[in-house]
1. Where the second residue is aromatic (F, W, Y) and the first is touching a residue at least 24 places away in the same chain (Cβ under 8 Å) and lies in segment 51-68, which pairs have Cβ atoms under 7 Å and are six or more apart or on separate chains?
2. Could you list all residues from segment 46-67 that are assigned to a loop (DSSP other than H, G, I, E, B) and among the hydroxyl-bearing types (S, T, Y)?
3. Restricting to segment 113-124, count the residues that are part of a helix (DSSP H, G or I) and buried (at least 18 other Cβ atoms within 10 Å of the Cβ).
Amino acid sequence: MLMKRRLRISTATAFAAALLLLVTDALAGNYGKKQADIVDTAISAGTFSTLAAALEAGDLVGTLKADGPYTVFAPNDEAFAKLPAGTVESLLLPENKDKLVAILTYHVVPGKVTAAEVVTMQTAPTVNGDDLSIRVVDDTVFINDSRVVATDIGASNGVIHVVDTVILPN
């Protein structure tokens, strides 16, 4: 009898917890919503308009909307603004598409690599075939010479880490 009563209490508790999660999710406006992919997550952040334009010019939007998973070290608009005047405009021209794609794919690592994993690595292979150099100095993570300023922004097909400088391949 005591066992049946405990089972009923456990079942009731589990049901109540599940119901609470559903109600909380629904009230937060998340019920039934699918997590956004890397591209949509970056666009909705509002600080990656240059990256979004570059992805479009390089025909990479479809790739970063695919299943993945991918890890993107995403330069924000401020990072692109650090490039010499006219660089972004030049890269967006159709005749520079190959160079643009090489730069953009240098920011993408296959697989989902969280910040906790990044800090244990010394290098990471990129989609363009070259490796990124990773180092940690006084609790700050650097990808090549670019500082990571935000981490673990989740997306349905991977993760985004924000960097303060556009990372250029050798």
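1. Here the result reads L64/Y70, each pair linking segment 51-68 to a residue that is aromatic (F, W, Y).
2. Narrowing segment 46-67 to residues assigned to a loop (DSSP other than H, G, I, E, B): 46-48, 58-60, 66-67.
Result: T47, single match.
3. As a first pass, look at segment 113-124 and keep what is part of a helix (DSSP H, G or I): 115-118.
Next, only the ones that are buried (at least 18 other Cβ atoms within 10 Å of the Cβ) stay: 118.
Adding up the residues that qualify gives 1.
Just so you know, all these numbers are worked out from the coordinates, no wet-lab data involved. These numbers were taken from a predicted model, which means no experiment stands behind them. Please note: Cβ atoms are built from the backbone with ideal geometry, for glycine as well, and neighbour counts cover all protein chains shown.
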